[in-house]
Amino acid sequence: MPRRRCFQLLLVNATRPRLHPEEILMKKLVRLLLTIVLAFVVVIGFRWYRYIANTDSPYDEVGITLNSSMPGPLNAWGCAKLKQTFGSALPPYGCAADNGTRWK
């Protein structure tokens, strides 16, 4: 019984259409680009969350830039988290109201 199963697998692989070298290269390139994009998103997201969750200072330049660049809901959540931790300090850029001295 196991021999028959192996033979069936060989037949399935033999009937599968072979990819051209260009297609193989394109698949590898797409996989590489997706890996790079995913790694970039993970690194930037981790750096942003580390800024939001910190307890040292709300005035980290890279964190302020990342938080200001985030879409509305993420920016609002980040500002609320920073306000919860540093409510008595002046808000960083991106979390300040119109006058610059109050939190959003």
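Derivation of every value follows stated rules applied to the coordinates shown; laboratory data play no part. Keep in mind that this is a model prediction, so the values were computed, not measured. Positions of Cβ are generated from backbone atoms using ideal geometry, with glycine treated the same way; all protein chains shown enter the neighbour counts.
The table that follows gives values for the structure above.
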item: Spherically averaged projected area of segment 24-104 from its Cα convex hull (nm²); result: 5.9 nm²
item: Residue list for segment 62-100, given a label point 7 angstrom along the Cα-to-Cβ vector of Asp56 and an amide N cut-off under 15 Å; result: 62-64
item: Sorted peptide list for 49-56, 60-67, criterion being average Cβ within 10 angstrom, highest first; result: 60-67, 49-56
item: Length added when fully stretched, Leu34-His20, from 0.36 nm per residue minus Cα-Cα; result: 2.9 nm
